[in-house]
1. Please say if the range 58-195 is rounded, prolate or oblate, where rounded means a/c under 1.5 for a ≥ b ≥ c the square roots of the C-alpha gyration tensor eigenvalues, and otherwise the choice is prolate for a/b larger than b/c and oblate otherwise?
2. Which value in deg cm²/dmol, rounded to the nearest 500, describes the helix-derived mean residue ellipticity at 222 nm for the chain, given -39,500 (n - 2.57) per DSSP H run of n ≥ 4 and division by the residue count?
3. Which length gain, in nm to one decimal place, applies between LYS193 and PHE82 when the Cα-Cα distance is subtracted from 0.36 nm times their residue separation?
4. May I ask you to derive the FRET efficiency for ALA249 and ALA28 from their Cβ-Cβ distance with R0 = 35 Å, giving the value to the nearest 0.05?
5. Accessible area of the range 116-251 with a 1.4 Å probe: how many percent of it is carbon plus sulfur?
6. Among DSSP bridges having both ends in the chain, what percentage is antiparallel? Round to the nearest 5.
7. Please get the size of the charge dipole for the chain, origin at its Cα centre, with Cβ charges of +1 on Lys and Arg and -1 on Asp and Glu, quoted in debye to the nearest 20.
8. For the pair SER231/ASN209, report the inter-label distance in nm, with labels modelled 7 Å from Cα in the Cβ direction.
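The values are calculated or read from the model by the stated rules, or taken from the named source; none is laboratory data. Computed from a predicted model, the values in this text were never measured in an experiment. Please note: Cβ atoms are built from the backbone with ideal geometry, for glycine as well, and neighbour counts cover all protein chains shown. All accessible areas refer to the heavy atoms of the entire protein, side chains included, with ligands and DNA or RNA removed. Shrake-Rupley method; radii C 1.70, N 1.55, O 1.52, S 1.80 Å.
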Amino acid sequence: MTTLLSLFLGAGPLLLLALNPVHGSGNATLPLVLWHGMGDSCCNPLSMGSIKKMIEETIPGIDVLSLMIGKTVSQDTENSFFMDVNEQVSMVCSQLAQDPKLKDGYNAMGFSQGGQFLRAVAQRCPSPPMKTLISVGGQQQGVYGLPKCPGESSHICDWIRKKLNSGAYTDIVQKHLVQAQYWHDPLNDDLYKKHSLFLADINQERVVNETYKKNLQLLDKFVMVKFLQDSVVDPADTEWFGFLKTGQAKETETLQESVLYKEDRLGLAAMDAAGKLDFLGTEGDHLQFTREWFNAKLVPYLR
């Protein structure tokens with residue numbers, strides 16, 4: 001029997017059906033830090049709680065920290081919509097630095113928006129050292145659309161769509177709406193580069209921060225998972241660090257075709273040449289995968 005993990009826009013509860021665990025060797029492994037997506041929480045038993053349990057069963061003895069952004073699970077969920085991403089990253093950096101279990105290094109796995117947020121942690125906070133970053137459906141170049149969030153009937157999602165369409169780059173929307181902070185409008189590139197509080201900064205769109213570049217290259221591996229039938233993330237190429245070509249909203253370009261890569265503004269070209277970038281594809285819609293696939297493709301990076 002296969003297991004389907006289903007999340008909507010990096011957030012909504014994922015369904016995990018029980019399977020027999022695949023046990024590892026029991027050798028010591030690095031701790032793992034998880035960051036959930038939009039509308040989810042650290043500890044939902046149907047989503048991140050199940051992921052945490054599955055990994056602990058598969059790799060006995062591993063320490064898994066599923067990040068809570070806030071003091072309660074409900075705050076954690078709310079903050080995935082409304083808390084300044086830069087503040088979230090700063091909060092996580094502080095938490096990781098104070099955790100003695102992580103002092104010798106850790107691996108990280110982010111789901112949907114959690115994937116790009118953990119990359120910001122790698123770039124801004126090299127201590128304790130992140131060794132491997134796995135972005136599962138993460139929007140590394142942002143999004144230009146919000147088709148599901150985490151359901152078409154959600155009044156929150158309808159409100160978010162209206163705010164993004166009416167003024168994603170206004171100060172108040174940028175400061176208080178998480179999704180605006182990775183809204184990447186190819187038709188208004190100047191506005192994006194000038195007013196994006198989060199994504200334009202971590203993607204070196206304004207100036208090259210050599211510290212960001214150096215810190216990201218400290219990773220042993222940066223793994224990006226793309227869902228090949230993704231109907232949630234727009235454009236889906238962002239999951240492999242590609243995006244829409246500037247000035248239009250139809251044709252996409254790969255990471256390797258982008259200015260970011262050609263000028264190596266973030267160090268990704270150097271990492272690619274060194275074999276540090278892995279691009280994985282899997283059939284299915286956003287964050288839909290089997291436990292067998294997870295164990296075969298992602299678990300080896302955690303051992």
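1. Numbers: a/c = 2.04, a/b = 1.73, b/c = 1.18.
Since a/c reaches 1.5 and a/b is larger than b/c, the shape of the range 58-195 is classed as prolate.
2. Working: 13 runs with 104 residues, N = 303.
About -9000 deg cm²/dmol.
3. Working: separation 111, 0.36 × 111 = 39.96 nm, distance 2.12 nm.
Stretched fully, the LYS193-PHE82 segment lengthens by 37.8 nm.
4. Numbers: r = 48 Å, r/R0 = 1.38.
About 0.10, to the nearest 0.05.
5. Roughly 53 percent, rounded to a whole number.
6. Values: 3 of 27 bridges.
Roughly 10 percent of the DSSP beta bridges within the chain come out antiparallel.
7. Numbers: 28 positive and 34 negative charges, 99 e Å.
The calculated dipole for the chain is roughly 480 debye.
8. It is 3.7 nm.
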